[in-house]
Amino acid sequence: MISGMIPQSIYNLSLLEIFSVADNTLQGSLPHNVGVALPRIQRFRAWGNQFTGPIPVSFANASSLSELDLSMNKFFGEVPNIFGNLKNFTWLGVGYNDLRSGKVNDMSFITSLTNCSNLRILNLEHSYFGGELPKSIGNLSDRLEILVIGGNEISGSIPPGIGNLVGLNSLQIYENHLKGTIPATIGKLHKLQGFFSEENELSGEIPSSIGNLTLLTELTLDENNFGGSIPSSMGKCKNLLMLSVYGNSFNGTIPQDVLGLSSLATSLDLSRNSFTGPLHGEVGNLKNLVELKISHNELSGEIPTRLGDCTMLERLYLDHNLLEGRIPESLSSLKGIVEMDLSHNKLVGQIPKDIAKLKFLSKLNLSFNDLYGEMPTGGVFGNVSAVSIAGNDKLCGGIPELGLVACSEEKPKKHNLSLIISLVCVLGVCLMLSSLVICWIKDKKKSLESLESESSMNVSYGELLKATNGFSPENLIGTGSFGSVYKGVLEANQTSIAVKVFNLIKRGASRSFLAECETLKNTRHRNLVKVITACSSVDYQGNDFKAIVYELMLNGSLDSWLHPHQHTEDLRKKSLTLYQRLNMAIDVASAVDYLHNRTELSIVHCDLKPSNILLDEDMTAHVGDFGLSRILAQDNDQVSHDQTSSIGIKGTMGYAAPGNFSFPKFAIFFFMEFKTTFL
């Protein structure tokens, strides 16, 4: 990492075409005549430093300029109108600066960008822009792929002209002061994969044209003023992984077409709205869903038995509704459930005893219902801090710490003969039916037990804590965007491991954990890092804890061999032969070919770089770190080739393909960008 000031003599290199000093701690300001001094400059990358001062107007003189990325610095003042004559301009990044001008409209420079017919990436997030969103934004290039203006103070409405940007695959307008409705023209964005509009003041109904966005994978409308019902046309979004409409005024029943979206995997959040009616049995189609939130609505009826079919669920929140009836026994089929909240409903009956067998369940809230009978004592029910039962006055038994009254057996009452005969007949029929059901359940349990026996070994937070000597700094072998990696040895079988611990405070860390688990669960290849298990639990302070346990790669990362520290430089440069380098390149290519072409659903790594390539004892290369990976649909060729990142710019600058994040061209770009250091 480079610090200090850039020597002024650098700016005298008039033939310079690429200027890249990204991701350092450089200071100072850019010369006001930088565009004149570097007339042939094509790519100017200075993101991730501590540069200050205004953005030089002289960039307008660099007629060959195609990329200007000044993100994550301390630039201030307005963005000048300098882009009108830059015909080759494709990329502007000025996010995470302080670019408020104090004028009525901070975004007047957008108009000059409309002349840039090749513009593909525009990133303006978190830079204190104010004023209204200009209508001219709809006149930007139809080749624009990524538009990010989130985290500002922009007002006004979304112009209907947004539908002209037919090349968009990611539209991020979150955390602003936008009002009005989502224009129906949004349905023209057929390539759109990510639409993020949370925390604005948008209102009205979701346009039915949203169903035209068949490639959409993530849709967030949280904390706005939307109303009406969710259009059934959303059921056409067959690639949707995450839908969140938390904190609006949606009403009516939850459309069965939405509950039938079996593609939903990351999260379905419908909480804090005014949905009514029953929760339909179609919810059982969400077999890949990890998180279901429908709390703080007005749902009625019983909890559907088919909810137990959602076997991937880890978090279930149905609290603060009007749900009735018994807690279905089928919920005990949710083998991976970690948190379950059914509180503040009208549930009756006994608590299913098999819920105590859910070994990952660490938080259960059943408070303020009308439950009765004996409280189970095993599993989560054995931890007084993990279970809440307040407001259920008819419960008894349980562990002493709960303070419930002891259960007492009632003496049998006398009944007349006819009633007894009737009951015996009914019981006889029930016993016959029960026998059939029990046989079916036993077969199902055997298959589940067989499935569990084939899965990876389970480790607790305590075991990982002990294996890594309390996650000590001496065991730290690497850090990344979303967490740290520690080496250790499992006490049970003395296995050497690498534990990737996710820093859940960072935005996107939890999503990265889920993405990596989803990618790795069905992949097996000699050149992929072997996953031993995963751990989703809580630490000893009650905080969420997520980690993935890998087989330890004894020779570290390829990056540490290509760019070693000074004290190991001579040794490693001598020991890494050309033959080894070629073998490593073949190993990586084999892994990428497997991910792209040999899996059921093609997988894009999105962050392929030397630090994510690990070497085992035999110097065989293994690809790791799938936290930014994307799973692509294979419905048809068009889908496969058009899918790109749905969350802005994914991956590490320098290894992410500029201007084109489509699959599979990014892998080709990786090897082109890599060749000088790899070989």
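The residues of region 134-145 that are surrounded by 20 or more Cβ atoms within 10 Å (Cβ to Cβ) and small (G, A, S) amount to a single one, S141. On the stretch given as region 65-78, residues that are modelled with pLDDT of 95 or more and part of a loop (DSSP other than H, G, I, E, B) total 6. In region 511-536, the residue that is surrounded by the most Cβ atoms within 10 Å (Cβ to Cβ) out of those that are among the small types (G, A, S) and at pLDDT 85 or above is S536. When we screen V148, V166 for residues that are under 26 Å from the mean Cα position of the chain (by Cα), β-branched (V, I, T) and surrounded by fewer than 22 Cβ atoms within 10 Å (Cβ to Cβ), the only hit is V166. Checking each residue of region 323-335 against the condition of being free of Cβ contacts under 8 Å to residues at least 40 places away in the same chain and within 21 Å of E518 (Cβ to Cβ) gives at least one match.
Each residue in region 107-131 was checked for being farther than 16 Å from A60 by Cβ and not hydrophobic (A, V, I, L, M, F, W, C), and 10 of them qualify. Checked against (1) surrounded by fewer than 19 Cβ atoms within 10 Å (Cβ to Cβ); (2) of a type in the set (V, I, T); (3) within 30 Å of G252 (Cβ to Cβ), I337 passes all but a single condition, namely (1). For region 84-113, filtered to residues that are polar (S, T, N, Q) and buried (at least 16 other Cβ atoms within 10 Å of the Cβ), the residue that is farthest from G131 (Cα to Cα) is T90. Residue pairs whose Cβ atoms lie under 6 Å apart, sitting 6 or more positions apart in sequence or on different chains, and linking a residue in region 550-565 that is under 16 Å from Y486 (Cβ atoms) to a partner that is part of a helix (DSSP H, G or I), are S557/S611. Evaluated against (1) within 15 Å of G95 (Cβ to Cβ); (2) more than 29 Å from the chain's Cα centre (by Cα); (3) outside any loop (DSSP other than H, G, I, E, B), M107 falls short on exactly one condition, (3). Picking from residues in region 274-290 that are crowded, with 22+ Cβ neighbours inside 10 Å and under 18 Å from M242 (Cβ atoms), the one that is farthest from the chain's Cα centre (by Cα) is V283. The set of residues from region 37-92 being of a type in the set (D, E) and over 19 Å from T111 (Cβ atoms) comprises E67, D69. For the criterion of being closer than 27 Å to D309 by Cβ, modelled with pLDDT under 95 and of a type outside the set (D, E, K, R), S244 fails.
Out of L571, L554, I need the residue that is surrounded by fewer than 18 Cβ atoms within 10 Å (Cβ to Cβ) and modelled with pLDDT of 85 or more. Which one? After applying the criteria, what remains is L554. In region 481-494, what residues are out of contact with any helix residue (DSSP H, G or I) (no Cβ under 8 Å at 6 or more places or on another chain) and surrounded by 16 or more Cβ atoms within 10 Å (Cβ to Cβ)? The answer is S484, V485. Against the criterion of being among the hydroxyl-bearing types (S, T, Y) and either under 24 Å from H320 (Cβ atoms) or surrounded by fewer than 16 Cβ atoms within 10 Å (Cβ to Cβ) (or both), T266 qualifies. What number of residues within region 357-370 are of a type outside the set (D, E), surrounded by fewer than 22 Cβ atoms within 10 Å (Cβ to Cβ) and not in a loop (DSSP other than H, G, I, E, B)? The qualifying residues number 3. Taking the conditions exactly as written (touching a Ser or Thr at 6+ places or on another chain (Cβ under 6 Å), closer than 23 Å to K394 by Cα and among the β-branched types (V, I, T)), does I355 satisfy them or not? So I355 fits the description; yes.
If you go through region 291-328 and pick out every residue that is closer than 16 Å to S271 by Cα, over 28 Å from the mean Cα position of the chain (by Cα) and surrounded by fewer than 21 Cβ atoms within 10 Å (Cβ to Cβ), you end up with 3. The strands (runs of 3 or more DSSP E) found entirely in region 124-217 that carry 3 or more residues being more than 21 Å from K103 (Cβ to Cβ) and among the aliphatic types (A, V, I, L, M) are 146-148. Based on what the data block shows, is N81 in contact with a helix residue (DSSP H, G or I) (Cβ under 8 Å, 6 or more places away or on another chain), surrounded by fewer than 22 Cβ atoms within 10 Å (Cβ to Cβ), over 20 Å from Q27 (Cβ atoms) and modelled with pLDDT under 95? Yes, satisfied.
The values are calculated or read from the model by the stated rules, or taken from the named source; none is laboratory data. Keep in mind it's a predicted model, so treat the numbers as computed, not measured. Neighbour counts run over all protein chains shown; Cβ positions are idealised from the backbone, glycine included.
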